[in-house]
Amino acid sequence: MDATWIKRIGLAALGLGVVGAIAWTMRPQPALVDIGAVVKAPMRVTITQEGRTRVREIYTISTPITGHLSRTILDVGDPVEANKTVIAAIHPLEPPLIDNRTETELIAAREAARAAVVIAETDYARVMASLDLAVKAMERASRLSATGVIAESTMQKAAGEVSVLRAQVQSALSSINLRRAELESAEARLRQPDRKDMNSGDKCCVELTAPASGTVLEVYAKSEQPVAVGAKIADIGNPRDLEVVVDLVSADAVRVKPGDQASIVDWGGDRPLKATLRRIDPAAFTKVSALGIEEQRVNAVFDLGESDPRLGHGFRIYAEIAVWQGENIVQVPLSALFRTGNDWTVFVLKDGVLARRTVRIDHMNDQAAEVLEGLAPDEKVVLHPGDTLADGMAAEIRSQ
């Protein structure tokens, strides 16, 4: 074989090598995927929602009268004893300050009241003088009537005048008392505020005591101040007697019922606490979520099966309420599911090839879904399938 043929064979081999290398590099590469397993295990569906603790029985102390509240000496956390511990003391209100115009008007009213007293006393003196004359005239008429000098009717007329004048005397006395009371009232209105009078111990008219034993939860009025009827002063309750209130979305509230069990988690302790649903409120309220969406919420109240002394009134917790659970449930990771039309679909990896499969599911929780048809335990499914995957495509498990 001459050199020409050797050269031709060499070039041909080189060309075949180049074509083969190009074909090898252009071949379809298997997709890299993350894999999850279909398992058969116990499954639990829960509703998880934020809530708060609260004292079961809270007593709010409010003012029964208008007055001046003394400074509250209790602080939040102080213990109180029923019907013994004084929560607050209410004194009479100070009179208002008097301006120049009002003072002039009140002085004029006082002088008028003094003049009215003088007039009433003058009328009394006049009526008393008339009564003295009438009594003397009646005595003379009585003597003359006894001797027959005057008629009996004259005697009766004199006695009647005495009776009338005596009634007028009583009226004049009452008028004097009335005018003197008006004078005292006018003088009282001229009194300016006096801090010593208000702070004297015998002026306190109402002391508010604790209606039940417990702890001060909140103090609304700490400083000395005027208060109106119904003003809140403090809340008291027993922080060891706690319940839990959770505001559920109304669609979740219809899925639970009194007696359902719950776990109190994320409250700060190292273990969950057991609780039992006692009541679901019959009316919902509107609440705006963090995303600005209006939601209808319903309060659900739970009894704590066990408490912790570190928990107090108004602490934030999370409640996990079990709405369904089962044993030996075939379940697939939730992240493997995607929609194809109205059907749930997964990609199953078998022998390096992907197969699209429609499945029928039922219950779901945050991690998995119950599989009724379409998958068997121990099958491998693709997690977070992308749009580039297709039925029959080669795939490899992504290395961790």
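The values are calculated or read from the model by the stated rules, or taken from the named source; none is laboratory data. Just so you know, these numbers come straight off a predicted model, no measurement behind them. Because the Cβ atoms are built from the backbone with ideal geometry, glycine has one as well, and the counts that use them run over all protein chains shown. What goes into the accessible areas is simple: the full protein's heavy atoms, side chains included, and nothing from ligands, DNA or RNA. Shrake-Rupley method; radii C 1.70, N 1.55, O 1.52, S 1.80 Å.
Per-residue answers, yes or no, for (1) open to solvent by less than 20 Å² (accessible area, probe 1.4 Å); (2) modelled with pLDDT of 90 or more:
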position	(1), (2)
Ala37	no, yes
Thr46	no, no
Thr63	yes, yes
Ser70	no, no
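Return a yes/no flag: does the stretch 262-270 have any residue that is under 17 Å from the mean Cα position of the chain (by Cα), buried (at least 16 other Cβ atoms within 10 Å of the Cβ) and farther than 19 Å from Val323 by Cβ. Within the stretch 262-270, not a single residue is under 17 Å from the mean Cα position of the chain (by Cα), buried (at least 16 other Cβ atoms within 10 Å of the Cβ) and farther than 19 Å from Val323 by Cβ. Those residues that are at negative phi and open to solvent by 40 Å² or more (accessible area, probe 1.4 Å), I need them from the stretch 324-334; list them, please. Trp324, Gln325, Glu327, Leu334, listed by residue number. Is the stretch 322-341 home to any residue that is farther than 15 Å from Val38 by Cα, among the aromatic types (Phe, Trp, Tyr) and part of a strand (DSSP E or B)? Checked against the condition, which is being farther than 15 Å from Val38 by Cα, among the aromatic types (Phe, Trp, Tyr) and part of a strand (DSSP E or B), the stretch 322-341 yields at least one hit. One residue stands out in the stretch 223-239 among those that are among the charged types (D, E, K, R) and modelled with pLDDT of 90 or more: the one that is surrounded by the most Cβ atoms within 10 Å (Cβ to Cβ), namely Asp235. In summary, strands (runs of 3 or more DSSP E) completely within the stretch 343-400 and bearing 1 or more residues that are charged (D, E, K, R) and open to solvent by less than 40 Å² (accessible area, probe 1.4 Å) occur at 368-373. I'd like the full set of residues that are among the β-branched types (Val, Ile, Thr) and open to solvent by 20 Å² or more (accessible area, probe 1.4 Å), limited to the stretch 286-321. If the condition is that a residue be among the β-branched types (Val, Ile, Thr) and open to solvent by 20 Å² or more (accessible area, probe 1.4 Å), then Thr286, Val288, Ile293 are the ones that fit.
Of all residue pairs spaced 6 or more apart or on separate chains, none has beta-carbon atoms under 8 Å together with a first member in the stretch 98-117 that is closer than 13 Å to Glu187 by Cβ and of a type in the set (D, E, K, R) and a second member that is open to solvent by less than 90 Å² (accessible area, probe 1.4 Å) and modelled with pLDDT of 90 or more. The residue of the stretch 72-111 that is farthest from Gly314 (Cα to Cα), among those that are aliphatic (A, V, I, L, M), open to solvent by 50 Å² or more (accessible area, probe 1.4 Å) and at pLDDT 85 or above, is Ala108. For the stretch 71-95, taking the residues that are part of a loop (DSSP other than H, G, I, E, B) and touching a helix residue (DSSP H, G or I) at 6+ places or on another chain (Cβ under 9 Å), the one that is farthest from Arg310 (Cα to Cα) is identified as Pro95. Of a type in the set (Lys, Arg) and over 27 Å from Glu139 (Cβ atoms) - does that describe any residue in the stretch 163-174? For the stretch 163-174, residues of a type in the set (Lys, Arg) and over 27 Å from Glu139 (Cβ atoms): absent. When the stretch 240-261 is filtered for residues that are without any contact (Cβ under 8 Å) to a residue 60 or more places away in the chain and open to solvent by less than 30 Å² (accessible area, probe 1.4 Å), only Ala253 remains. I'm checking my understanding of the structure. Among residues of the stretch 290-319 that are free of Cβ contacts under 8 Å to residues at least 60 places away in the same chain and not in a strand (DSSP E or B), which one is nearest to the chain's Cα centre (by Cα)? Among residues in the stretch 290-319 that are free of Cβ contacts under 8 Å to residues at least 60 places away in the same chain and not in a strand (DSSP E or B), the one nearest to the chain's Cα centre (by Cα) is Ala290.
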